[in-house]
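Data block below; observations after.
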Amino acid sequence: MIRRMRNYRVMAEDFYLEGNISKALSMYRKALKFSRTKEDTSLLLFNVGVILTELGKIDGAVKCYNKIIDINPAYVDAYYQLGVISEDRGDYEAAMDFYRSALRIESKDTLSMYNLANLYDLKGEEERARGLYQKILRLEPDHPYTLNNLGAILESEERYEEAYKLISRSIDSKDDFFMSHFNMGVVLKALGEYERALRHYERSIELNSRYHYSYLNMSAIYIERGEYREAIEILTKGIVANPGAHDLYYNRACSLAMLENKEEAMDDIERSLKMHPPLMKWVLWDKDLDSLREDKRLKKIIEKYNLTKGKEETDDNGQNQR
């Protein structure tokens, strides 16, 4: 029985490495029929769960991980995977409970620790996040994502020199993590080092062209310096890569207006408002659009889209991200 289980497991692993996932799944299920220990059964169920997740059969994966916990309550990876699935589904409280369960079993499980810290961070519970990030760094001093996130917290507190040191370490540890370069751009701009900030935003774009805040923050530097053509150029690149990013159109409208390209500016204003009507509050007071104030077309655009009076909403221009 044990030999047959091992043979099927080896076959499953070989099929998986060859990219034949469905055949691997079939072999793992056959191996399960001959499993006789909770350790073997847990491992086989875990591998089935991973494959079902890859195939998008999430409910089946959840059943596998729950079965593992039923027969082996100390199986840390099952709690972690259930946490990831819950997080992907937007159920952050359930995800946090699963990560906490994993950490009660294995207090040094940095995967669960990082994900839990990140959720605290997203919820605005920065002190809890900070404590877990610091614990991770005691265990793994070069953990790039933790260094970046903790650096971003320090940046939000305007502790720029400290943030710079942590984010530098993140980049040294993993140069191809786009978010570290983005956050380094934020820090360097705050320190007045605009050219270095622009280089890091460019690197962030090189690594992830779909993260539109990198284009947005670059344009903010150019606009601040009165370099409107450069702003338009980078914003246009951003729009090509992210055609649904309303704030890129809006910033390009401001730059076009400053260059007296009125019709193109109003085209972009209308596009941005169509995608995101709350931008109207900016259109109504932004000094960059003053050259358009008396234009009949702008007045008609405002009349058409001014449906958000009294609603408060903020955009993410120039903020750090984690």
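Only the coordinates and a few stated rules stand behind these numbers; no lab work does. Given the structure is predicted, the values throughout are model-derived calculations rather than measurements. Don't worry about glycine lacking a Cβ; one is built from the backbone with ideal geometry, like all the others, and counts go over all protein chains shown.
Straight-line reach from Lys299: which lysines have Cα under 28 Å away, leaving out those fewer than 8 places along the same chain? Filter leaves Lys262, Lys274, Lys281, Lys287, Lys309, Lys311.
Under 10 Å, Cα contacts only: if you run a Gaussian network model on the chain, which one of Leu55, Leu44, Leu273 comes out with the highest mean-square fluctuation? Of Leu55, Leu44, Leu273, the Gaussian network model singles out Leu55 as fluctuating most. What number comes out for the charge environment of Asp59, summing +1 per Lys or Arg and -1 per Asp or Glu over other residues with Cβ under 15 Å away? The answer is +1.
Fewest neighbouring Cβ atoms within 10 Å first, the residues Arg104, Arg252 line up as Arg104, Arg252. Available extension along the chain between Arg138 and Arg89 is 14.6 nm, counting 0.36 nm per residue and deducting the alpha carbon span. Once the Cβ-Cβ distance between Leu17 and Arg100 is put in as r, and R0 is 25 Å, what FRET efficiency do you end up with, to the nearest 0.05? Working from the Cβ atoms, E equals 0.15. For the pair Leu122 and Glu54, the difference between a 0.36 nm per residue extended length and the Cα-Cα distance amounts to 21.9 nm. Between segment 179-218 and segment 43-75, the alpha-carbon centres lie 39 Å apart.
Look at the dipole of the chain built from charges on Cβ: of His212, Ala265, Ala117, the Cα furthest out on the positive end belongs to Ala117. For the peptides 15-24, 207-216, 65-74, the ranking by mean Cβ contacts within 10 Å, running from highest to lowest, is 207-216, 65-74, 15-24.
Fewest-first ordering of Tyr99, Tyr92 by other beta carbons within 10 Å of each residue's beta carbon gives Tyr92, Tyr99. Comparing segment 209-322 with the 2.2 N^0.38 Å rule of thumb, its C-alpha radius of gyration ratio is 1.00 (two decimals).
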